[in-house]
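**Q** Dropping a structure here in structure tokens format, bear with me for questions.
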Amino acid sequence: MGDVLVVNAGSTSLKLHRVAPDETSAPVAGLEAVDAIGIEAVAHRVVHGGEAFVRPALIDPAVRRAIDDLEPLAPLHNAPALDAIDEALRRFPDTPQVAVFDTLFHASMPPEAREYAVPRRWRDEWGVRRYGFHGLSVAWAAERSAALLGRAAADLRLVVCHLGGGCSVTAVAAGRSCDTTMGFSPLEGVPMATRSGSIDPAVLVYLERTHGMDADDIDHALTADSGLLGLGGSGDMRDLEAAARDGSDAARLAIDVFCHRVAGAVGSMAIAAGGMDAVVFTGGIGEGSPGTRAAISRRLGVLGAELDPERNDAVGGDGDIAASGSRARVLVVASREEVVAARAARDVTGRSRCETAPPG
């Protein structure tokens, strides 16, 4: 087996990792810096798979068109992914390329978590439903949590908080998604770096009718000018924490709103999972901000989660930071979406080879 090149084209950055068969990975500066020798497959993280994709897909013209058709559902994400796919196809024309969708992990959500209370035509004809995102990250967090706790994934009820530029909270029971805060698009749910998260939909009608904002104005404001940035003046939690220490009321408000909403989402997801054996922090903020973890955990005492301050401050990489007497464990898991994507690409290309191999 060779390596898998994993391409993660976000709304503001392009991240690449070369993942070896033993699942060690190394970042790559850019596609032009990749030595094609030894590359078995290229895996592309694609945020939105809609209803068209229920499993990872070997990229061909039909798959590319289907991803393009989904662009209106996640314009900040699917369009950059398509650009990266096109560039990788030019760079590695003879290498199998696989689309791995962030929505796939949430295909197990039950109807009561998946459906909006909107007209049937919206749901049946226009695909207006809850899809969920951050699936690669949540899948890895669930797997690593089972290992950290020394328990079978089938026996665990987890609430995974992926907190970074984008943020979501997901209920995972027996290794499957039960519910999640992101829905039709990556805009729903808790506040994020520059995205608002959920707001009253009547606000949008009010802005259009009363203040003359059109769909593009509103979309830009909610995705690029809101969230932590809109509340505190920066989308970077590190900047906000420093400003709050210096006495900024706006920065303190941003942190408090964020932690309040995330803690509330944890409670909701614990109900969806049927209980909570552990709350798991991952993503840039989840892994890197002891203060945010502490502020959220302080609100979770009613769910039996209590962290140990010394463990919280000292953890590096994966670890259990719960107090010894905590009924629910508090975990930190370093996100490794590239490993999940590489596994999916190996599986797809392996099956493809088997399906096309001559008999005998």
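**Q** Is the shape of segment 74-114 rounded, prolate or oblate, going by the alpha carbon gyration tensor and its root eigenvalues a ≥ b ≥ c, with a/c under 1.5 for rounded and a/b larger than b/c for prolate? Show your work: numbers first, answer last.
**A** On the way: a/c = 7.17, a/b = 2.19, b/c = 3.27.
The shape class here is oblate.
**Q** Pairs of alpha-carbon atoms within less than 8 angstrom and 6+ residues apart define the contacts here; what relative contact order does the chain have, in percent?
**A** Relative contact order here is 16 percent.
**Q** Still on this structure: Looking only at the chain, where both bridge partners belong to it, what percent of the DSSP beta bridges are antiparallel (to the nearest 5)?
**A** 55 percent
**Q** Leaving ligands, DNA and RNA out of it, work out the accessible area of TYR206 with a 1.4 Å probe and give it in Å² to the nearest 10.
**A** 120 Å²
**Q** Also, I was wondering about something else. If contacts are Cα pairs under 8 angstrom and at least 6 residues apart, what is the relative contact order of segment 183-342 in percent?
**A** Answer for segment 183-342 is 16 percent.
**Q** Do the sum for the chain: with -39,500 (n - 2.57) for every DSSP H run of n ≥ 4, divided by all residues, what is the mean residue ellipticity at 222 nm, to the nearest 500 deg cm²/dmol?
**A** On the way: 14 runs with 148 residues, N = 360.
Calculated at 222 nm, the ellipticity per residue is -12500 deg cm²/dmol.
**Q** Also: Tell me, how many Å apart are the Cα centres for segment 266-328 and for segment 134-170?
**A** 12 Å
**Q** On the first, second and third principal axes, largest extent first, how far apart are the outermost C-alpha atoms of segment 26-113 in Å?
**A** 47, 23, 23
**Q** Same structure, new question: If you bin the C-alpha pair distances of segment 1-67 every 10 Å from 0, what whole percents do you get?
**A** Per 10 Å bin, starting at 0, the Cα pair percentages come out as 19, 45, 33, 3.
**Q** Here is a follow-up. Would you work out which of ASN8, ALA278, LEU70 lies farthest towards the positive end of the dipole of the chain? Charges go on Cβ: Lys and Arg +1, Asp and Glu -1.
**A** Looking along the dipole axis, the top candidate is ALA278.
**Q** Classify segment 46-177 as rounded, prolate or oblate from the Cα gyration tensor: take a ≥ b ≥ c as the square roots of its eigenvalues, call it rounded if a/c is under 1.5, otherwise prolate when a/b beats b/c and oblate if not. Working shown, then result.
**A** Numbers: a/c = 2.18, a/b = 1.26, b/c = 1.72.
Since a/c reaches 1.5 but b/c is at least a/b, the shape of segment 46-177 is classed as oblate.
**Q** Could you grab the relative contact order for segment 1-64? Cα pairs under 8 Å, six or more apart, rounded to a whole percent. Please report the intermediate quantities before stating the final value.
**A** Details: 80 pairs, mean separation 21.4, N = 64.
Across segment 1-64, relative contact order equals 33 percent.
**Q** Mind grabbing the accessible area of PHE133 for me, 1.4 Å probe, Å², rounded to tens?
**A** 0 Å²
**Q** Taking springs between alpha-carbon atoms closer than 10 angstrom, which of ALA81, ALA26, ALA342 fluctuates most in the Gaussian network model of the chain?
**A** ALA26
**Q** Still on this model: List residues of segment 37-61, by number, whose backbone nitrogen lies under 18 Å from a label position 7 Å along Cα→C-beta of ALA215.
**A** No residues fall inside that zone.
**Q** Please list, short to long, the whole-number percent of alpha-carbon pairs of the chain in consecutive 10 angstrom bins beginning at zero.
**A** Percent of Cα pairs in each bin: 5, 24, 32, 26, 11, 2, 0, 0.
**Q** For a quick check: with amide H placed at 1.01 Å from N, whose amide H comes under 5 Å from VAL28's, ignoring anything fewer than 5 positions away on the same chain?
**A** Those qualifying (amide H under 5 Å, at least 5 residues apart or on another chain) are LEU16, HIS17, ARG18.
**Q** Now, a different point. To the nearest 20 Debye, how big is the dipole of the chain about its Cα centre, given +1 on the beta carbon of each Lys and Arg and -1 on that of each Asp and Glu?
**A** So the magnitude is around 940 debye.
**Q** Among GLY189, MET109, GLY166, pick out the residue whose Cα is farthest towards the positive end of the charge dipole of the chain, where Lys and Arg carry +1 and Asp and Glu carry -1 on C-beta, about the Cα centre.
**A** MET109
**Q** What shape does segment 190-306 have by the C-alpha gyration tensor, where a ≥ b ≥ c are the square roots of the eigenvalues, rounded means a/c under 1.5, and otherwise prolate means a/b greater than b/c and oblate the rest? Mind showing how you got there, number by number?
**A** Numbers: a/c = 2.52, a/b = 1.43, b/c = 1.77.
Here segment 190-306 falls in the oblate category.
The values are calculated or read from the model by the stated rules, or taken from the named source; none is laboratory data. Please read these numbers as outputs of a predicted model, since none were measured by experiment. All Cβ positions, even for glycine, are placed from backbone atoms using ideal geometry, and neighbour counts span all protein chains on display. Areas reflect the complete protein model, heavy atoms only, side chains present, ligands, DNA and RNA absent. Shrake-Rupley method; radii C 1.70, N 1.55, O 1.52, S 1.80 Å.
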